[in-house]
Structures are given as C-alpha cells and as structure tokens.
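Let me begin by presenting the structure, written as structure tokens, before commenting on it.
The values are calculated or read from the model by the stated rules, or taken from the named source; none is laboratory data. Just so it is clear, the model here is predicted, and its values are computed rather than measured. Because the Cβ atoms are built from the backbone with ideal geometry, glycine has one as well, and the counts that use them run over all protein chains shown.
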Amino acid sequence: MGWPVSLHFPAPDRRNWTERQRVDELVRWMEIIARPDGREHIYRAMLRTFGDILLEHGLVVTQEALEREQTLRAKAEGERDAEQALRTRVEAERNAEQALRAKAEANETQSKPCAQRRKPNEPQSKWCAQKHRPSATSSKRCVH
C-alpha cells in the first residue's frame, strides 16, 4: 500500500470548532490530496509532526534522566557526609580512648615500685635514674 487510505482528524483538537470550520478543513485537505505533490505534502507534514513528537519525547527522557542523576548524586553526597561524620566521631572516640590509656599508663608507672634498690650509704636522690619519690611501704625502693 503506497498511499494512505484515510486521514484522521482527532475530535479533541477540534472540540470548539463549528461545523463550518470542520467542513472547510476537510475541503482544504481534499485539495491537498488532489494535487500532484499531495502525497509529499502529507508525508512532510507527518514527518514534521512525528519529528516534533520525537524531539519532545527525547527532551522528556533527557530531563527525567537528569533528575534521576541529581537524585542519585544528592543521595551519594548525603551518604558520603554521613560516612565522614561517622569517621570523625570514631576518630574522636579513638583519640579520647588513647588519651585515657596514656593517662592510666602514666598513673600506673608512677605507682610501680622501682626495680633499683638503694644501696647502703647512697643518697636518696640516687634511688633511680628517674629520681622518683620513695615508697611509703619501703625505705629501700622508690615508686614511679
């Protein structure tokens, strides 16, 4: 089939038209079809319409893809920010734990008896190389 059998004119587009306007449209299209280049005219009109439809559809699809990408990007940024906040919190907790350990080790070191013993007739300042204080329980040891 090389030539369309019929043309369709959708009623919703012509809802507010008078009967005279509809007849005039049909007469105009009958004249177009009767011309030697009528087929080419109709094809061009169809291609223009289809081209517009395809362009509009392409724009809609592109806009939807951009919106999806923006949504995904915002979600990824939110997840990245949450991960960064979690890392910061964990690092702060680790630093606090290390500070507590260092403090506990310092306290433990100060309360341990020194391995060095005071030699007879040795001054108290030489109890150990670190010059620690004497132990309350032993006069021969110092305490860290």
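The lone criterion from (1) modelled with pLDDT under 85; (2) hydrophobic (A, V, I, L, M, F, W, C); (3) within 39 Å of the chain's Cα centre (by Cα) left unmet by residue 127 is number (3).
Applying a threshold of 8 Å to beta carbon distances and a minimum spacing of six or more residues, or different chains, the list of pairs starting in region 40-56 at a residue that is in contact (Cβ under 8 Å) with a residue 12 or more places away in the chain and ending at one that is surrounded by 10 or more Cβ atoms within 10 Å (Cβ to Cβ) and not in a helix (DSSP H, G or I) reads 42/4; 42/7. Between 53, 32, the distinction of being of a type outside the set (S, T, N, Q) and either touching a His at 6+ places or on another chain (Cβ under 9 Å) or not in a helix (DSSP H, G or I) (or both) belongs to 32 only.
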